[in-house]
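Below is one structure, written out as structure tokens, with a few remarks after it.
The values are calculated or read from the model by the stated rules, or taken from the named source; none is laboratory data. In this text, all values refer to a predicted model and were calculated from it rather than measured experimentally. Reconstructed Cβ throughout: ideal geometry from the backbone, glycine too, with neighbour counts over all protein chains shown.
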Amino acid sequence: MLIRPRRIRTGKPALAALAAAAPWVEGWLRRLPLRTSLLVLALTGFSVTGRGAELRVVLEAAPVTLDPLLAADASGVRISHQLLCETLLTLGESLSIEPGLAQRWERLTPTRYRFHLRPGVSFASGASLDARDAVVTLERVLDPATGSPYGAPLREKVSALRLVSVGGRTPLAFEVELKRPYASILSDLVLPVLSRESPRAGAPEAGRAPGERRPSDCSGPYRLASRTPVEIVLERSDTYHGPQPPLDRIVFKVVQDENTRLLKFYKGDVDLGINVLPLDKLDLFAKRPLTDRYRVVEGAGLSFEYLGFNLEDPLLADRRVRQAIAHAINVADLMRYRQRGHAVRAVSLLPPGSAEAWPGAPPAYDPALAERMLDEAGHPRSFGKRFSLVYKTSTERAALARARIVQGDLRRVGIAVDIRTYEWATFFDDIQKGNFQLYALRWIGVSDPAFLAEVLLSDRLPPQGRNRGRYRNPAMDALLRAALVEADGAKRRELYRQADKLAQEDLPYLPLWHNNTVAIVSKRFSGFRLHPSGGFQALPLMQVAPDGPGRPGLAIKP
């Protein structure tokens, strides 16, 4: 039983004496049994750096699922892929593909890759990882019955998986055979590896209801301890093969209301939040008391905000209507009001500076042009109104504020907008099913131009893919399929540029902006590094800072 330090209101004299004796106390405690040492520390109010400590992370919404093969929302991916599981390959801070569970790989031929796994890796269950686990995981992803959003690109590219065994030993290598050369195959393999004994994806998930299946067996630094609708608790995995994380637990607190999230920072109830507060609130962290407790870490990010259209809707299937909507929305003002200088205007779905992005310009704010385009599209005003659209959004305050600004802009050109708000899970489910006309969301971690195929190919509709707008264009399909198999770098780049040019003209999505990644980190902790994706890669490295301020309400002064 681990005794955690708690606030002791009657321990001040003892604490003062213990503090005065600090030069020899540590050695004395080391000679005591562990439980006795922890009890002494608890009764006197001392805390132990690392051991017994927990990190409290605030989330905007609960993950839709923690099943690593099904997770597609930001929180679900970050927790399941980066903390509970490990991926075969990883995306480094420089956005290059780096080793993960595969410590090295070889391109044997243009269509054949061999991956060598790290030895000595164990799953949370204690079972040893080998190449059979990697192959079974990939087979499950490839199986359409799994319903994995990562399956479609692999099914298009992979023709065979095979184990490589040397001298009859447990295989630690396997090969991936491709149908044709694909430059993006390594990016596609930034995927979690599960124990082959894990329950198949799609079964009821642990923590949701009594009697549900056990969670997936993974090899990450933490394991799932408990889950409720408002809290997810991870505990350090004793079977983790890497350096043991300094923190015993990571507690994710789901707080959907923005004002309540800010209040929790004021109360010191949370230690970390990444992109969880309205940007107009960041200035508060330059003032006391927040500046005493937290630091703000900001950098260029891979988060892309967009307005989505349902192209199966008769109104929005008309490109002229989508272009008119784009000219009617004052994105520059929206950015000034909502982003406060923490974002860059988006022209393309690809990040700024991408060599594959077409150097176009965003649609100019021009309500008069929008009115003319709507007239030409056969939607004249009748008693001031042309037609109505339903705009679906989550209950998040920033998302609702953005929806209202868009509503006002479209009203000026005769389009009535009915805003409907939903809890996150319901909202996201509607988007996946195509049950919407307009919505706004963000893509996370856009780095490889092959992402265009995921969101624009006509056969990548959810749940098998991420073409949420149901966009279908044979010319786009031809460009993207050619780019996916083109081995020549210059030719591949030009194909993607042409695909991006077509996307800017067709507007299946209206690009809004590329967000900076902003983290608010308690000064009680050290070791945090901001990843461009805004992910949780650094959490296993964080520890209590020896000279950091105490947790509000817990410190006892002698």
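Some observations on this one:
- Residue in the range 487-506 that is of a type in the set (A, V, I, L, M, F, W, C), touching a Ser or Thr at 6+ places or on another chain (Cβ under 9 Å) and under 30 Å from Pro181 (Cβ atoms) present: yes
- Taking the range 258-296 as the range and being in a strand (DSSP E or B) and of a type in the set (A, V, I, L, M) as the test, the residues that pass are Leu272, Ile274, Val296.
- Residues of the range 152-203 satisfying the condition of being under 25 Å from the mean Cα position of the chain (by Cα) and among the small types (Gly, Ala, Ser): Ala152, Ala183, Ser184, Ser187, Ser195, Ser198, Ala201, Gly202, Ala203
- When residues in the range 529-549 are screened for being of a type outside the set (A, V, I, L, M), assigned to a loop (DSSP other than H, G, I, E, B) and closer than 14 Å to Arg78 by Cβ, 7 of them pass.
- Unmet criterion (only one of (1) under 28 Å from Leu438 (Cβ atoms); (2) among the aliphatic types (A, V, I, L, M); (3) in a helix (DSSP H, G or I)) for Leu512: (3)
- When the range 129-149 is limited to residues that are in contact (Cβ under 8 Å) with a residue 60 or more places away in the chain and among the charged types (D, E, K, R), the one that is surrounded by the most Cβ atoms within 10 Å (Cβ to Cβ) turns out to be Asp133.
- Matching residues, the range 491-546, being among the charged types (D, E, K, R) and outside the structural domain of Val321 (by TED's automatic domain parsing): Lys523, Arg524, Arg529
- The lone exception for Asn467 - which of (1) in contact (Cβ under 8 Å) with a residue 60 or more places away in the chain; (2) closer than 26 Å to Ile97 by Cβ it fails: (1)
- The set of residues from the range 408-423 being part of a helix (DSSP H, G or I) and either without any contact (Cβ under 8 Å) to a residue 12 or more places away in the chain or under 23 Å from Lys281 (Cβ atoms) (or both) comprises Gly408, Arg411.
- Residue in the range 150-158 that is free of Cβ contacts under 8 Å to residues at least 40 places away in the same chain, in a loop (DSSP other than H, G, I, E, B) and surrounded by fewer than 19 Cβ atoms within 10 Å (Cβ to Cβ) present: no
- Scope the range 50-83; condition part of a strand (DSSP E or B) and over 12 Å from the mean Cα position of the chain (by Cα); matching residues: Glu54, Leu55, Arg56, Val57, Val58
- Residue in the range 454-473 that is surrounded by the fewest Cβ atoms within 10 Å (Cβ to Cβ), counting only those that are farther than 20 Å from Ser303 by Cβ and of a type in the set (A, V, I, L, M): Leu461
- Which listed residue is free of Cβ contacts under 8 Å to residues at least 60 places away in the same chain and either aliphatic (A, V, I, L, M) or assigned by TED's automatic domain parsing to the domain that holds Leu480 (or both), from Gly360, Gly353: Gly353
- Unmet criterion (only one of (1) touching a residue at least 60 places away in the same chain (Cβ under 8 Å); (2) surrounded by 15 or more Cβ atoms within 10 Å (Cβ to Cβ); (3) aliphatic (A, V, I, L, M)) for Ala399: (1)
- Of the residues making up the range 269-291, those that are surrounded by 14 or more Cβ atoms within 10 Å (Cβ to Cβ) and out of contact with any helix residue (DSSP H, G or I) (no Cβ under 9 Å at 6 or more places or on another chain) number 2.
- Any hit, the range 292-300, residues being more than 27 Å from the chain's Cα centre (by Cα) and either surrounded by 14 or more Cβ atoms within 10 Å (Cβ to Cβ) or over 20 Å from Leu441 (Cβ atoms) (or both): yes
- Considering residues of the range 304-314 that are surrounded by 18 or more Cβ atoms within 10 Å (Cβ to Cβ) and out of contact with any His (no Cβ under 7 Å at 6 or more places or on another chain) only, the residue farthest from Gly527 (Cα to Cα): Asp313
- Hits in the range 72-89 - residues which are touching a strand residue (DSSP E or B) at 6+ places or on another chain (Cβ under 9 Å) and either of a type in the set (D, E, K, R) or within 21 Å of Leu142 (Cβ to Cβ) (or both): Arg78, Ser80, His81, Cys85, Glu86, Thr87, Leu88, Leu89
- Filtering the range 140-184 to residues that are touching an Asp or Glu at 6+ places or on another chain (Cβ under 9 Å) and of a type in the set (A, V, I, L, M) leaves Ala152, Leu154, Val158, Ala160, Leu161, Leu163, Val164, Leu172, Ala183.
- Of the numbered criteria (1) in contact with a Leu (Cβ under 8 Å, 6 or more places away or on another chain); (2) farther than 24 Å from Gly535 by Cα; (3) buried (at least 21 other Cβ atoms within 10 Å of the Cβ), the one Thr517 fails is (2).
- Residue check, Gly126 on the phi > 0 side of the Ramachandran plot, without any contact (Cβ under 8 Å) to a residue 12 or more places away in the chain and not hydrophobic (A, V, I, L, M, F, W, C): no
- Test: residue in the range 464-472 that is of a type in the set (Ser, Thr, Tyr) and in a helix (DSSP H, G or I): no
Here is a yes/no grid of residues against (1) crowded, with 19+ Cβ neighbours inside 10 Å; (2) of a type in the set (Asp, Glu); (3) in contact (Cβ under 8 Å) with a residue 24 or more places away in the chain:
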residue: Ala225; (1), (2), (3): no, no, yes
residue: Thr228; (1), (2), (3): no, no, no
residue: Pro243; (1), (2), (3): no, no, no
residue: Leu247; (1), (2), (3): yes, no, yes
residue: Asp257; (1), (2), (3): no, yes, yes
